[in-house]
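Undergrad: First, the structure itself, so that you have it in front of you.
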Amino acid sequence: MATGWSLNWIRLACLTAAITQGLDAKVEAPASAAVIAEIAKQFDQHPLIMVGELHRWEQLHAFVREMVRDSEFICRANDIVIEFGNSRLQNIADDYAFGRNVTDAQLQSLWRETAVPFTWNSPVYRQLLETIREINEKKLCDHEVRIVLGDPSLDWAKIRTAQDYARWTNRDASYAEVVEREVLAKRHHAFLLAGQYHAVKQRAEGDDDGPRAAEIIERKHPGALFSIVAALPDAARALHLAPAPSFKTVSGTELAQADFSMIATMNPHKKWPAFGDVVDGVLFIGDQTLLYPAPTIYLDPDYQRELRRRVAIIKEFSGQDFGPGLDDLIKEGGKAQKNSRRP
């Protein structure tokens with residue numbers, strides 16, 4: 001089961017974290033408002049609108065925060081379902097979204113206690129949670145918007161072996177089940193955010209990783225989900241998309257029969273079904289900058305020790321070894337800390 005992180009990305013973090021820390025991309029307000037209004041119209045026919053993100057994409061997340069601050073879009077939703085939160089900790093997410101006191105350690109636990117050890121430390125994910133809390137504090141909508149956590153409800157304190165870990169690795173099934181229970185069963189509308197990998201309704205030929213979250217939802221509730229993926233600049237040019245920011249529906253357009261491999265970031269060299277069978281819309285935001293956290297966060301001895309334990313379990317389960325990447329992050333954190341102390 002793919003988890004959205006890779007050793008190359010982790011190593012890239014070591015080189016770019018100090019440069020990108022704290023940046024907040026700007027999206028031109030008038031143009032983005034028109035695009036958001038077009039996306040919001042999909043709620044007329046679909047209770048679920050999903051954006052498949054590329055992890056840590058700063059400009060895309062700036063746009064997502066614009067969506068959340070736009071009353072014409074977000075006030076049509078009851079919930080925002082996120083991939084980067086452990087569903088076991090839903091009570092903390094509720095407290096935070098609704099303005100109650102939550103410690104920084106409790107807030108961090110939402111993403112640090114997931115099955116994914118590094119990805120969600122990017123500042124863009126915390127920034128989204130802060131934006132949701134902000135709109136509720138300002139009473140942007142007549143109702144409060146709930147943060148719903150979609151990742152498996154694992155408890156790392158109880159996971160000692162690969163066998164313990166194995167039962168929590170079907171993250172797509174967990175996300176789809178949360179949407180079923182917390183959104184559709186309550187007849188709610190929701191904005192769903194997860195990686196592009198999880199937002200496709202059909203998979204590439206030969207992909208035997210199991211059904212994606214969007215695929216599971218579509219099978220059980222045909223037409224309920226409107227799924228959107230974001231295009232990088234090269235793909236946008238190949239697909240003849242309008243200048244950024246822009247949005248285009250797929251059904252009934254020339255995109256419906258286009259080659260989805262032009263935009264796919266997972267399995268791009270495999271044969272994919274027609275674009276219109278995979279997703280319903282495509283979003284173009286412009287350039288891509290990946291935003292990483294300061295590597296000094298990995299110097300905390302307790303966090304470092306626990307990460308090493310989890311990395312060893314993951315290696316035992318899947319063969320993926322994230323230990324060298326963690327070592328690199330720790331080294332970079334040490335260098336950054338030393339440089340910060342120089343006069």
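The values are calculated or read from the model by the stated rules, or taken from the named source; none is laboratory data. No experiment lies behind these values; they were computed from the predicted model shown. Neighbour counts run over all protein chains shown; Cβ positions are idealised from the backbone, glycine included. Calculation scope for accessible area: heavy atoms of the full protein, side chains included, ligands and nucleic acids excluded. Shrake-Rupley method; radii C 1.70, N 1.55, O 1.52, S 1.80 Å.
Undergrad: At R0 = 35 Å, how high is the FRET efficiency between S261 and H221 if r is their beta carbon distance? Nearest 0.05 is fine.
TA: It comes to 0.80.
Undergrad: Step through the residues of the range 313-324 one at a time and calculate ³J(HN,Hα) from phi using the Karplus curve (6.51 cos²θ - 1.76 cosθ + 1.60, θ = phi - 60°), rounding each to whole Hz and writing x for Gly and Pro.
TA: 5, 5, 4, 4, 6, 10, x, 6, 10, 9, x, x
Undergrad: In whole Hz and in residue order, list the ³J(HN,Hα) couplings for the range 218-235 that follow from phi through the Karplus curve 6.51 cos²θ - 1.76 cosθ + 1.60, θ = phi - 60°; x for Gly and Pro.
TA: 5, 5, 7, 9, x, x, 6, 10, 10, 9, 10, 10, 9, 9, 6, x, 5, 5
Undergrad: Right, something else. Accessible area, 1.4 Å probe, largest first: how do D277, D234 sort?
TA: Result of the area sort, largest leading: D234, D277.
Undergrad: I've got another one for you. For every other residue with a beta carbon closer than 13 angstrom to the beta carbon of G281, add +1 if it is Lys or Arg and -1 if Asp or Glu, then tell me the sum.
TA: Result for the local shell: +1.
Undergrad: Quick one: putting +1 on the C-beta of Lys and Arg, -1 on the C-beta of Asp and Glu, what dipole do you get for the chain around its Cα centre, in Debye to the nearest 20?
TA: 800
Undergrad: Whose amide H sits under 5 Å from the amide H of A231, counting only residues 5 or more places off or on another chain, with H placed in the peptide plane?
TA: For A231, whose amide H was placed from the backbone, the distant partners under 5 Å are L283, F284, I285.
Undergrad: For the chain, what is the calculated [θ] at 222 nm in deg cm²/dmol (nearest 500), taking -39500 (n - 2.57) for each run of four or more DSSP H residues and dividing by its residue count?
TA: Rounded to the nearest 500, it is -12500 deg cm²/dmol.
Undergrad: Could you give the size of the charge dipole of the range 59-186 about its Cα centre, using +1 on the Cβ of each K and R and -1 on the Cβ of each D and E, expressed in debye and rounded to the nearest 20?
TA: Using Cβ point charges on Lys, Arg, Asp and Glu, the range 59-186 gives about 240 debye.
Undergrad: Mind checking the angle between helix 58-69 and the chain's longest principal axis? C-alpha axes, 0 to 90 degrees, to the nearest 10.
TA: The angle comes out near 60 degrees.
Undergrad: If you don't mind, there's one more thing I want to ask. Near the amide H of V81, under 5 Å away, which other amide H atoms are found, from residues 5 or more places off or on another chain, if H is placed in the peptide plane?
TA: Under 5 Å from the amide H of V81 lie the amide H atoms of V148, F191, L192, L193, each far enough along the sequence or on another chain.
Undergrad: Could you give the Stokes-Einstein D for the chain in µm² per second, using the C-alpha Kirkwood radius, 37 °C, 0.692 mPa s?
TA: Translational diffusion coefficient: 159 µm²/s.
Undergrad: Let me ask something else about it. State whether the range 301-343 is rounded, prolate or oblate according to the following rule on the C-alpha gyration tensor (a ≥ b ≥ c being the square roots of its eigenvalues): a/c under 1.5 gives rounded; otherwise a/b larger than b/c gives prolate, and the remaining case gives oblate.
TA: oblate
Undergrad: How about the range 306-343: which trypsin sites (Lys or Arg not before Pro) there are in a DSSP loop, with at most 16 other Cβ atoms within 10 Å of their Cβ?
TA: Taking the range 306-343 and a limit of 16 other Cβ atoms within 10 Å, the loop trypsin sites (Lys or Arg not before Pro) found are R341.
Undergrad: Which peptide among 205-215, 158-168, 57-67, 140-150 comes first, and what is the full order, when sorted by highest mean count of other Cβ atoms within 10 Å?
TA: 57-67, 140-150, 205-215, 158-168
Undergrad: Next question, about the same structure. Hey, can you find the accessible area per residue of the chain for me, probe 1.4 Å, expressed in square angstrom?
TA: On a per-residue basis, 44 Å².
Undergrad: Taking a threshold of 19 Å on the Cα-Cα distance, which of the pairs K201/K270; K271/K315; K220/K248; K158/K315; K41/K186 fall above it?
TA: K271/K315; K220/K248; K41/K186
Undergrad: If ligands, DNA and RNA are left out, what is the accessible area of T253 with a 1.4 Å probe, given in Å² to the nearest 10?
TA: Number for this one is 40 Å².
Undergrad: Shifting gears a bit: Which whole-percent values make up P(r) of the range 50-92 when all C-alpha to C-alpha distances are grouped in 10 Å steps starting at zero?
TA: Result, from short to long distances: 22, 47, 30, 0 percent.
Undergrad: How are the C-alpha pair distances of the range 178-222 spread across 10 Å bins, as whole percents from the shortest bin up?
TA: Percent of Cα pairs in each bin: 25, 53, 18, 3.
Undergrad: I would also like to ask the following. Please work out, to two decimal places, the log10 of the ratio I(q)/I(0) at q = 0.09, 0.14, 0.17 Å⁻¹ from a Debye calculation in which every Cα of the range 28-149 carries one identical scatterer.
TA: Reported log10 I(q)/I(0), two decimals: -0.24, -0.59, -0.88.
Undergrad: On to the next question. So how compact is the range 132-226: Cα radius of gyration and Dmax in angstrom?
TA: Cα radius of gyration and Dmax of the range 132-226 are 15.9, 48 Å respectively.
Undergrad: What number do you get for the range 172-256 when its Cα radius of gyration is normalised by 2.2 N^0.38 Å, N = residues?
TA: Working it through for the range 172-256, the quotient is 1.22.
Undergrad: Shifting gears a bit: Based on alpha-carbon atoms only, what is the radius of gyration of the range 255-324 relative to the globular estimate 2.2 N^0.38 Å?
TA: 1.73
Undergrad: Over the residues of the range 84-123, compute the C-alpha Rg and express it relative to 2.2 N^0.38 Å.
TA: So the range 84-123 has a normalised radius of gyration of 1.11.
Undergrad: Sticking with this structure for a sec: Expressed in nm², what is the orientationally averaged projection area of the convex hull enclosing the Cα positions of the range 208-343?
TA: Orientation-averaged projected area of the Cα hull: 12.6 nm².
Undergrad: Report for the chain the percent antiparallel among DSSP-assigned beta bridges with both residues inside it, nearest 5.
TA: If I count the DSSP bridges inside the chain, around 20 percent turn out antiparallel.
Undergrad: With θ taken as phi - 60° and the coefficients 6.51, -1.76 and 1.60, list the Karplus ³J(HN,Hα) couplings across the range 84-100 in order, rounded to whole Hz; mark glycine and proline as x.
TA: Taking θ as phi minus 60°, the curve returns 8, x, 6, 5, 5, 9, 4, 5, 5, 4, 4, 4, 5, 4, 9, x, 7 Hz for the range 84-100.
Undergrad: What would the Debye formula give as log10 I(q)/I(0) at q = 0.11, 0.16, 0.19 Å⁻¹ for the alpha-carbon point model of the range 92-251, no solvent?
TA: For the requested q values the scattering log ratios are -0.57, -1.18, -1.44.
Undergrad: Over all Cα pairs of the range 63-113, how is the pair count split among 5 Å bins, expressed in % and running from 0 up to the last occupied bin?
TA: The distribution over the range 63-113 is 4, 18, 25, 20, 20, 11, 1, given as percents.
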